[in-house]
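**Student:** Structure incoming, see below.
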Amino acid sequence: YKNQQTIIRGDSTIPIIMLASIAAKVRRDRRMVRLAKRYPGYSFEIHKGYGTKKHYAALHRHGLSPLHRRSFLRNLR
């Protein structure tokens, strides 16, 4: 893209980027709540996929789900 511009910290300074960031987070959070029903035991509805202590405990207890990106979790294989 020739006319693309990188704006560092754009999500805290540019209103349209702020809106897009919020919309993306809301969409992801809603998706995680839906996925929690399909993959119970991982508490996706609580931590929304962030690497919290509870998330890592569930990974150790249940192993990786098909949703987990293995490239981020090499030490849990």
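The values are calculated or read from the model by the stated rules, or taken from the named source; none is laboratory data. Being a predicted model, the structure only gives us computed values, none of them experimental. Cβ coordinates were reconstructed from backbone atoms using ideal geometry, including for glycine residues, and neighbour counts include every protein chain displayed. Accessible surface areas use protein heavy atoms only, side chains included; no ligands, DNA or RNA. Shrake-Rupley method; radii C 1.70, N 1.55, O 1.52, S 1.80 Å.
**Student:** What relative contact order, as a whole-number percentage, does the stretch 38-77 give when Cα pairs under 8 Å and 6 or more residues apart are counted? Write out the running numbers ahead of the final one.
**Tutor:** Details: 22 pairs, mean separation 13.5, N = 40.
That works out to 34 percent.
**Student:** OK, next. Let me have the relative contact order for the chain, percent, based on Cα pairs under 8 Å that are six or more residues apart. Walk me through the numbers before you get to the answer.
**Tutor:** Details: 45 pairs, mean separation 12.3, N = 77.
Value for the chain: 16 percent.
**Student:** Towards the positive end of the charge dipole of the chain, with charges on Cβ (+1 Lys, Arg; -1 Asp, Glu), say which of PRO66, ALA24, GLY10 has the farthest Cα.
**Tutor:** Checked the options; the winner is PRO66.
**Student:** Using all C-alpha to C-alpha distances in the stretch 6-77, build P(r) with 5 Å bins and read off the rounded percent in each one.
**Tutor:** With 5 Å bins starting at 0, P(r) equals 3, 15, 21, 18, 14, 13, 10, 5, 0.
**Student:** Additional query: What is the angle, in °, between the Cα long axis of helix 15-38 and the longest principal axis of the Cα atoms in the chain? Nearest 10 is fine, range 0 to 90.
**Tutor:** 20
**Student:** Rounded to the nearest percent, how much of the accessible area of the chain (1.4 Å probe, protein heavy atoms only) is carbon and sulfur? Don't jump to the answer; show the numbers that get you there.
**Tutor:** On the way: 3610 of 6560 Å².
Roughly 55 percent of what the probe reaches on the chain is carbon or sulfur.
**Student:** Return one whole number: the accessible area per residue of the chain in Å², for a 1.4 Å probe.
**Tutor:** On the way: 6560 Å² over 77 residues.
Result: 85 Å² per residue.
**Student:** Treating only the Cβ atoms of Lys and Arg (+1) and Asp and Glu (-1) as charged, compute the dipole magnitude of the chain about its Cα centre; round to the nearest 20 debye. Kindly include the intermediate steps, with their values, before the conclusion.
**Tutor:** Numbers: 18 positive and 3 negative charges, 64 e Å.
Dipole magnitude for the chain comes out near 300 debye.
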